[in-house]
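Read-outs: derived from the displayed coordinates by stated rules, not from any lab. These figures come from a predicted structure and were not determined experimentally. Glycine also receives a Cβ, built like all others from the backbone with ideal geometry; neighbour counts cover every protein chain displayed.
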Amino acid sequence: SVPLVVDDLTGNGINVVFTMTQSETDPTAIAVFIGGVYQQPTTNYTVSGTAITFTSPPPAPGINPNRITIVHNLNSTDAA
């Protein structure tokens, strides 16, 4: 199997587009959390290549938990 890849990003209350370390075409192939809260694919975000676009900006530091966690390779069936 392919190991999980985790991106840790930080919201600033302004930006909606962030760069992931891995290219994605299917928003359901990743798990996305903002401040530990699961984000619904296509409702809360879309993906295109290495870009993830949120429907509203993740919060800035000090306002709410602003850590963005993206887990890749959830649907991987590749052999190790």
Being without any contact (Cβ under 8 Å) to a residue 12 or more places away in the chain and in a loop (DSSP other than H, G, I, E, B) is the filter here, so list the residues in the stretch 15-64 that pass it. GLN40, GLY62
Scan the stretch 1-36 for residues that are over 14 Å from ILE68 (Cβ atoms) and in contact with a Pro (Cβ under 6 Å, 6 or more places away or on another chain) and jot them down. PRO27, THR28
